[in-house]
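The values are calculated or read from the model by the stated rules, or taken from the named source; none is laboratory data. Since we're looking at a predicted model, the values are computed, not measured. All Cβ positions, glycine included, derive from the backbone under ideal geometry; neighbour counts span all protein chains shown.
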């Protein structure tokens, strides 16, 4: 049965019930990936034959994924073997595996310069890799335990969240050197940037808050309390809403940036690590690492409309062109949920009422 038809038959155009979604998860999930709070170990790639997603093998334990839609390539930071995988999305295969530093934890790309930035959690460095030929351009020292990264393509600046250093390193992309360090944010684990590059949003695990920071001066403009142990962030610039996943609460906080406060809280599954938004499709996708699933959120209604099963330990997510890409650390795979498949998911109940 084709995956899109499978979804249509499962949901039958209506909002799925908790029982239906649970059965769906049992039927399709590769494994639960519960690791007691410790970093997951890599397992052999054993996708379910009935899974609706396509699977691309990566290096061991991919912790981060970045997309270059213009080239139809994805890149994963593979913590289990200290490498970066170059994945040809059209062919559905890894075409290169290149060395990174010790403990690659996140990955970002400047699609203008075609340079990739890989944070190395153990080495406290950032590897700069040329996406066109795979050559290592530079290795940049940063703060302790660098985790998240975000690129300002206009100014050619790269921001690095140093979870162990309680700081943000600012790298100048022209000469690949650290030009500034913003201090005073306890255990920063997530980063997001405003479209104009003027504001940086930082999730602080130590303070269970999101900091709004002037991206040029490093001055903290606001501090917004959220759930426990916030991690990944995603910005909907059109609505002015910022979404942060809270690992300990298994929730998503919805922040109205104009009001400077949380206006909604969405329950998801266990240990949400990352979130990505498809603002055109008005969907949010949350990687629930300990539940081996992705929660699909209707951004208009701020409610979960479906739960997609994944392989073990979905660690990071990205979206482009209506498709969803999920880096699964426990199975060493990148899952690809097609735009056609995702279009077959149900709408929120409130959306159905408005459309009638």
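Observations on the structure shown:
- Residue count for segment 192-213, restricted to those that are under 16 Å from residue 273 (Cβ atoms) and surrounded by fewer than 18 Cβ atoms within 10 Å (Cβ to Cβ): 0.
- Being over 26 Å from residue 310 (Cα atoms), touching a residue at least 40 places away in the same chain (Cβ under 8 Å) and surrounded by 20 or more Cβ atoms within 10 Å (Cβ to Cβ) holds for only one residue in 128, 118, 142, and it is 128.
- The single condition among (1) assigned to a strand (DSSP E or B); (2) free of Cβ contacts under 8 Å to residues at least 40 places away in the same chain that residue 207 does not satisfy is (1).
- Segment 132-153 - residue that is part of a loop (DSSP other than H, G, I, E, B) and under 20 Å from the mean Cα position of the chain (by Cα) and, of those, nearest to residue 315 (Cα to Cα): 145
- Selection from segment 214-230 of residues that are surrounded by 23 or more Cβ atoms within 10 Å (Cβ to Cβ) and either at pLDDT below 95 or in a strand (DSSP E or B) (or both): 230
- Residues that are under 24 Å from residue 150 (Cβ atoms), under 16 Å from the mean Cα position of the chain (by Cα) and in contact (Cβ under 8 Å) with a residue 60 or more places away in the chain do not occur anywhere in segment 247-270.
- Applying the condition of being over 21 Å from residue 247 (Cα atoms) and in a loop (DSSP other than H, G, I, E, B) to segment 180-204 and asking which residue is farthest from the chain's Cα centre (by Cα) yields 184.
- Residue check for residue 277: part of a strand (DSSP E or B), surrounded by fewer than 24 Cβ atoms within 10 Å (Cβ to Cβ) and within 18 Å of the chain's Cα centre (by Cα): yes
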